[in-house]
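Working notes, structure below.
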Amino acid sequence: MIKQYFKQAWQMMRQNKLFSAIYIGGTALAIAATTLYAMLTYVKIAPIYPEYNRARTVIFDRVHTSDGGGGEWQSQHSYELLAELLYNLDDADVVTSFYDPWDNENYIKGQDGETEIKVVLKPTDHNFFKVYEYEFLEGKPFGEIDLRDRQPVAVVSAGTAEKAFGTWKGVVGRELVMNFVPYRVVGVVKDASSVFDRSYGEVFVPYTTVKGYDSSFGRRYHGSFRTTILTDNVEGIRAQAKEFERRFNTSQDELTLDLVNQPLTHLRWVFNPWPHQDFTVGKALRGELLMLLILLLVPALNLSSLISSRMDMRSSELGVRKSFGANRGVLLWQVMWENLLLTGIGALAGLAVVWAMMLFTSGEILTVSNGFFDNVAAPTSVNIDMFFSPGIFLIVLGLCLLLNLLSALVPAWMNLRKPIVSSLKEK
């Protein structure tokens with residue numbers, strides 16, 4: 001029966017090309033808008049290479065201090081806080097931190113030894129590749145000894161290796177000149193998406209090799225480090241941070257330290273990274289769902305008007321079927337399946353529009369709400385799992401079914417409530 005419904009719907013599409021084109025176009029725009037919005041959220045919270053550990057990831061970035069005389073300071077935290085607290089957390093499975101100064105412009109030498117190529121440098125520690133699971137194509141990460149002894153070693157992305165050496169194969173052990181300093185390449189990793197500012201890098205080096213990593217801006221615990229932690233006990237870490245804060249504040253009267261209820265879960269950091277603001281993940285998710293419904297509801301109302309006029313034109317046909325014994329439920333089911341074909345075609349067209357936008361902008365459209373990506377050296381890139389993933393497929397399928405339900409159910413139901421005689425009289 002469903003096969004018959006689709007055959008009939010296909011014939012109706014061929015007979016009513018203008019109606020079908022308008023309906024499919026409206027559906028495509030609605031699906032494109034909602035899918036893009038859903039994709040913006042999906043790439044922030046889903047386990048995507050190399051950020052597979054997001055469910056266990058917590059963030060510790062900021063520190064706030066005041067002097068009691070009206071002076072207040074808020075910034076990223078310093079190496080001192082990293083050494084005194086964060087590397088010593090009892091409930092943390094893995095702690096990694098990276099140095100992220102504002103003036104982070106870095107250049108490597110190209111193949112000719114003369115050309116300067118701007119790269120995204122990620123000065124970090126030996127635990128970085130345990131938290132962010134980059135795929136090593138060659139070599140291995142640098143180790144704790146390299147960090148401690150300030151060894152000039154580097155892990156590079158495959159794309160960066162090709163810029164510097166012409167190939168990513170066989171480059172382990174070769175010399176990479178960056179900022180006029182030679183670094184020995186110890187590993188090559190598969191390229192990741194620059195959409196993810198915490199994990200993305202083109203050259204990874206021990207932060208101890210970068211000048212100024214241990215500076216504190218003249219304020220204790222203020223600096224340029226951002227820390228990521230893997231844990232199953234967020235509250236335990238938060239309690240230990242609170243205890244550190246309390247001990248510091250009772251030990252002296254010059255400064256008041258506020259760690260602003262960190263660490264933040266990955267979800268909290270995605271939706272609202274400001275720790276001092278009231279926030280719940282549930283409230284944020286409800287807001288996201290409400291926005292999706294609004295993006296669907298407006299086009300659904302327009303499509304509903306089209307279907308209503310179309311149903312008036314089909315009243316005599318439906319009246320004949322009712323006179324031969326077809327009940328309201330069967331006819332309603334037929335109309336829904338016919339409409340689903342149009343909606344499905346429109347959904348595929350809308351998804352194609354989103355993919356085209358992603359490819360045309362090299363994924364930069366995904367960074368519209370990412371305030372940390374103003375100074376990325378390389379063009380934004382995207383991973384294949386951002387396009388073809390079960391999550392995106394289910395989102396599009398759900399949106400398609402919801403749009404079909406919102407736009408077709410009410411006009412079809414209202415039309416089918418008419419008496420048979422009334423339907424047969426309409427032309």
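The values are calculated or read from the model by the stated rules, or taken from the named source; none is laboratory data. Here the structure is a predicted model, which is why all the values come from computation and not from measurement. Here the Cβ positions follow ideal geometry from the backbone for every residue, glycine too, while neighbour counts run over all protein chains shown. SASA here: full protein model, heavy atoms, side chains in, ligands and nucleic acids out. Shrake-Rupley method; radii C 1.70, N 1.55, O 1.52, S 1.80 Å.
About the Cα centre of segment 180-299, how large is the charge dipole given +1 on each Lys and Arg Cβ and -1 on each Asp and Glu Cβ? Please answer in debye to the nearest 20.
The calculated dipole for segment 180-299 is roughly 140 debye.
Can you tell me the mean projection area, over all orientations, of the convex hull of segment 88-187's alpha carbons? Units nm², please. Before the final figure, lay out the partial values.
On the way: hull surface 28.4 nm².
Result: a mean projected hull area of 7.1 nm².
Given a cut-off of 18 Å, name the pairs among 169/190; 140/190; 118/169; 130/190; 140/169 whose C-alpha atoms lie farther apart than that in the structure shown.
118/169
Taking 0.36 nm per residue of sequence separation and subtracting the Cα-Cα distance, how much length would be gained by fully extending the chain between residue 17 and residue 302, in nm to one decimal?
Between residue 17 and residue 302, full extension yields 100.8 nm more.
Checking the a/c ratio against 1.5 first, then a/b against b/c, what shape does the Cα gyration tensor give for segment 211-272?
oblate
How long is the gain from residue 105 to residue 349 if the chain were fully straight, where each residue apart is worth 0.36 nm and the alpha carbon distance is subtracted?
83.8 nm
For segment 6-78, list log₁₀ I(q)/I(0) at each q in 0.22 Å⁻¹, using the Debye formula over Cα point scatterers of equal strength and ignoring solvent, two decimals each.
Log-scaled intensity ratios, in q order: -0.98.
If R₀ is 56 angstrom, what is the calculated FRET efficiency for the pair residue 256 and residue 114, using the beta carbon separation as r and rounding to 0.05?
Given R0 = 56 Å and the Cβ-Cβ separation, E is 0.60.
Between residue 211 and residue 56, how many nm apart are label points set 7 Å from Cα along the C-beta direction?
My value for the distance between the label points is 4.0 nm.
Please report, largest first and rounded to whole Å, the three semi-axes of the ellipsoid equivalent to segment 146-286, where each semi-axis is the square root of five times an eigenvalue of the C-alpha gyration tensor. Don't skip to the end; give the middle numbers.
On the way: eigenvalues 265, 98, 30 Å².
Listed largest to smallest, the semi-axes of segment 146-286 are 36, 22, 12 Å.
Taking the Cα centre of segment 30-171 as the origin and placing charges on Cβ (Lys, Arg +1; Asp, Glu -1), which of 113, 48, 88 is farthest toward the positive end of the dipole?
Going by the charge dipole, the pick is 48.
I want to make sure I understand the PRE zone here: with the label point 7 angstrom from the Cα of residue 80 toward its beta carbon, which residues in segment 195-213 have backbone N atoms less than 18 Å away?
212-213
Counting only protein heavy atoms, what percent of the accessible surface of segment 76-115 is carbon or sulfur at a 1.4 Å probe?
Carbon and sulfur: 41 percent of the exposed surface of segment 76-115.
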